[in-house]
Amino acid sequence: LAVQQAEADLGAAQESLARARATALASQAQLRRVRDNQAILQADLTRAESQFEWARSELARTQQLHQRELIAARDVDNARNQYNVAATQVTSARISLAQHPDQVRIAESQYESDLASVKNAEAQVRQREATLGLARKRLGDTTVRSPIGGFVARRLISAGEYVKENTALFVVVVP
């Protein structure tokens, strides 16, 4: 039973190692994505700044046209709303770009943590293999073999009895 338990423990440790390796691979991929995301964030900021400049010029144009009473106040309000939205998008894009280094550090930390989990799982597998080896050795030690061929003339112990090393178990007669 101890051998079966050690085999089951080893199997569980091997499954845990496989999961840890898969998690580490996923963290590595996430780290690459986060690092590569800087170009996207920079492009988003550039686009937001462009939209902001366009909204600013549209607001100025609509205000001039409204002062000359060529367009309705509603058009100025729409232009102002577009300007405010564009300003918010620029702020959001700048914040996202500024947070990028922190996101990289977080992804790096997660990857390092997952690598440490893999090393821990590998150590557990080695420990479980050693435990299984010891259990198999103990099981093998329960079988008594005579170094000489012959017949058992007399038993000095009963089946299932615990004995110490170098205890006589049988009297063997060589024919």
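Observations on the structure shown:
- The set of residues from the range 52-61 being surrounded by 14 or more Cβ atoms within 10 Å (Cβ to Cβ) and either of a type in the set (A, V, I, L, M, F, W, C) or under 9 Å from GLN89 (Cα atoms) (or both) comprises PHE52, ALA55, LEU59.
- Check on ALA93, closer than 30 Å to GLN127 by Cα and among the small types (Gly, Ala, Ser): no
- Test: SER16 is among the small types (Gly, Ala, Ser), touching a residue at least 12 places away in the same chain (Cβ under 8 Å) and either open to solvent by 70 Å² or more (accessible area, probe 1.4 Å) or under 30 Å from ALA135 (Cβ atoms) (or both): yes
- Residues located in the range 82-105, provided they are within 24 Å of ASP36 (Cβ to Cβ) and free of Cβ contacts under 8 Å to residues at least 40 places away in the same chain: THR91, ILE95, ALA98, GLN99, PRO101, ASP102, ARG105
- Of the criteria (1) without any contact (Cβ under 8 Å) to a residue 60 or more places away in the chain; (2) open to solvent by 90 Å² or more (accessible area, probe 1.4 Å); (3) more than 30 Å from ARG33 (Cα to Cα), which one LYS119 fails: (3)
- When we screen ARG145, ARG136, ARG154 for residues that are farther than 30 Å from LEU31 by Cβ, open to solvent by 100 Å² or more (accessible area, probe 1.4 Å), part of a loop (DSSP other than H, G, I, E, B) and among the charged types (D, E, K, R), the only hit is ARG145.
- Residues in the range 56-89 that are of a type in the set (Gly, Ala, Ser) and not in a helix (DSSP H, G or I): ALA72 only.
- Scanning the range 126-141 for residues that are within 9 Å of LEU10 (Cα to Cα) and of a type in the set (A, V, I, L, M, F, W, C) yields one hit, LEU132.
- Hits in the range 157-175 (condition: open to solvent by 100 Å² or more (accessible area, probe 1.4 Å) and aromatic (Phe, Trp, Tyr)): TYR162
- Whenever a residue of the range 138-161 is closer than 23 Å to GLN4 by Cβ, its partners that are open to solvent by less than 100 Å² (accessible area, probe 1.4 Å) and assigned to a helix (DSSP H, G or I), lying with C-beta atoms within less than 8 angstrom and at least six residues away or across chains, give the pairs ARG138/ALA2; LEU139/ALA2; LEU139/VAL3.
- Pair list, Cβ < 7 Å and 6+ apart or interchain, from the range 55-74 residues that are charged (D, E, K, R) to residues that are surrounded by 12 or more Cβ atoms within 10 Å (Cβ to Cβ) and at pLDDT 95 or above: ARG56/TYR83; GLU58/ALA79; GLU58/GLN82
The values are calculated or read from the model by the stated rules, or taken from the named source; none is laboratory data. Treat the numbers as computed from the prediction; the structure is a model and nothing was measured. Every residue, glycine among them, receives a Cβ derived from its backbone with ideal geometry; neighbour counts consider all protein chains shown. The accessibility values were calculated without ligands, DNA or RNA, using every heavy atom of the protein model including side chains. Shrake-Rupley method; radii C 1.70, N 1.55, O 1.52, S 1.80 Å.
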